[in-house]
Amino acid sequence: MEQVKIRWLGHAAFEIQGQGSDILIDPWLTNPLSPVRPEEVKPDYIVVTHDHNDHLGEAIEISKRTGAPIISVYELANYISEKGGKSIGMNIGGPLVLKNNLYVYLTQAFHSSTHGSPTGAIININGLSIYHAGDTGLFGDMKLIGEVYSPDVALLPIGGFFTMNPEQAAVAVQLISPRYAIPMHYNTFDIIKQDPSIFAEKVKKLRPSTEVLILKPGESRDLS
Ligand code: ZN
């Protein structure tokens, strides 16, 4: 099976490449850890989990420049259209079929937002199921997300304060049962400062069969 490249761009921003497509998630690329500038990226699709500035980021300007549609919850998609971005409004459920072997589902997230519900997203690409949890607290239906979408990879916020902290995110891993877990949404600013090795240690105790991949900003993994 063709490999899928998952690259962390700092904070909650990821670039996923596979199936001939480049997908950006939550492209706040002016975040202090980002290895790329917004004007350097050329995505085919953009997924935005909710409208907070650290997630919507520069999505609209990237969409205007490249023509890449922004996939989000319906009310946020309307807002993006009003601002001149190209948007695809969907909702929790799905899927949105983008092409053969590339589809997107939105999931529930326990958080807040101004335009529509906050969400997580499942990107299913080349048979690899990637769960980006968005900003969320811990919730029991992560177990259902694990059962329904069988994520191979879970991208989980561990920064605390606004989202799960390392201990809570380790319980999330136990509920979701992915093959790999990648921590995100930490160390961008002081209030979400965390040591990701604490997350890795807790996961080792609660769910030893999941491998925690701690990426540096700009670093990527090829998975299949
Ligand atoms: Zn948020």
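The values are calculated or read from the model by the stated rules, or taken from the named source; none is laboratory data. Note that the coordinates shown come from a computational prediction; the quantities given were computed from them, not determined experimentally. Counting neighbours? That spans all protein chains shown, and the Cβs are built from the backbone with ideal geometry, glycine included. Side chains included, ligands, DNA and RNA excluded: accessible areas come from the protein's heavy atoms. Shrake-Rupley method; radii C 1.70, N 1.55, O 1.52, S 1.80 Å.
If you sort the three axes of the alpha carbon gyration tensor as a ≥ b ≥ c, you get a/c under 1.5 for the chain, which makes it rounded.
Once the Cβ-Cβ distance between LYS143 and THR30 is put in as r, and R0 is 45 Å, what FRET efficiency do you end up with, to the nearest 0.05? Efficiency for this residue pair is about 0.80. Does the range 82-152 classify as rounded, prolate or oblate by the C-alpha gyration tensor (a ≥ b ≥ c root eigenvalues; a/c under 1.5 gives rounded; else a/b over b/c gives prolate, otherwise oblate)? It is oblate, given that a/c is not under 1.5 and a/b is not larger than b/c. The lysine pair tally for the chain, using Cα distances under 24 Å and a gap of 8 or more places or different chains, is 22. Largest GNM mean-square fluctuation across PRO166, PRO183, PRO38, computed for the chain with C-alpha springs under 10 Å, falls on PRO38.
Take every DSSP beta bridge whose two residues both sit in the range 4-214; close to 55 percent of them are antiparallel. Please report how far the C-alpha centroid of the range 173-224 lies from that of the range 1-23, rounded to the nearest whole angstrom. After rounding, the separation between the Cα centres reads 16 Å. If only the Cβ of Lys and Arg carry +1 and only the Cβ of Asp and Glu carry -1, the dipole of the chain around its Cα centre is close to 300 debye. In the chain, helical runs assigned H by DSSP with n ≥ 4 each contribute -39500 (n - 2.57); averaged across all residues and rounded to the nearest 500, the mean residue ellipticity at 222 nm is -6500 deg cm²/dmol.
Working note: Karplus 6.51/-1.76/1.60 with θ = phi - 60° gives the range 130-147 the couplings 10, 9, 9, 6, x, 8, 7, x, 6, 8, x, 6, 4, 4, 5, 4, x, 6 Hz, where Gly and Pro are set to x.
Calculate, for the range 1-110, the solvent-accessible area per residue in square angstrom, rolling a 1.4 angstrom probe over the heavy atoms of the protein chains.
On the way: 4540 Å² over 110 residues.
Accessible area per residue, the range 1-110: 41 Å².
Amide H contacts under 5 Å for GLN108: GLY120, restricted to partners 5 or more places along the chain or on a different chain, H placed in the peptide plane at 1.01 Å from N. Charge tally for ALA181 (other residues, Cβ to Cβ under 10 Å; Lys, Arg +1; Asp, Glu -1): +1. Taking each residue as 0.36 nm, the span from ASN91 to SER197 lengthens on full extension beyond its C-alpha to C-alpha distance by 34.7 nm. Derived scalar couplings between HN and Hα for the range 209-224 equal 7, 8, 8, 8, 10, 8, 9, 8, x, x, 7, 9, 10, 9, 10, 8 Hz in order, rounded to whole Hz, by the Karplus curve 6.51 cos²θ - 1.76 cosθ + 1.60 (θ = phi - 60°), x for Gly and Pro. Near GLU2, no amide H atom lies under 5 Å from its own; only residues 5 or more places off or on other chains count, and H is placed 1.01 Å from N. The amide H of VAL47, built 1.01 Å from its N in the peptide plane, has LEU24, ILE25, ASP26, ILE71 as neighbours under 5 Å, considering only residues 5 or more places off or on other chains. Taken as Cα centroids, the range 120-134 and the range 52-80 sit 18 Å apart, rounded to the nearest whole angstrom.
Taking all protein chains as present, what is the carbon and sulfur share of the accessible area of the chain, in % to the nearest whole number, probe 1.4 Å?
Details: 4350 of 9110 Å².
On the chain, the fraction of accessible area on carbon and sulfur atoms equals 48 percent.
With K and R counted +1 and D and E -1, the other residues having a Cβ less than 13 Å from that of ARG221 yield a net charge of -1.
Accessible area per residue (1.4 Å probe, heavy atoms of protein chains only) ranks LYS83, LYS42 as LYS42, LYS83, with the largest value leading.
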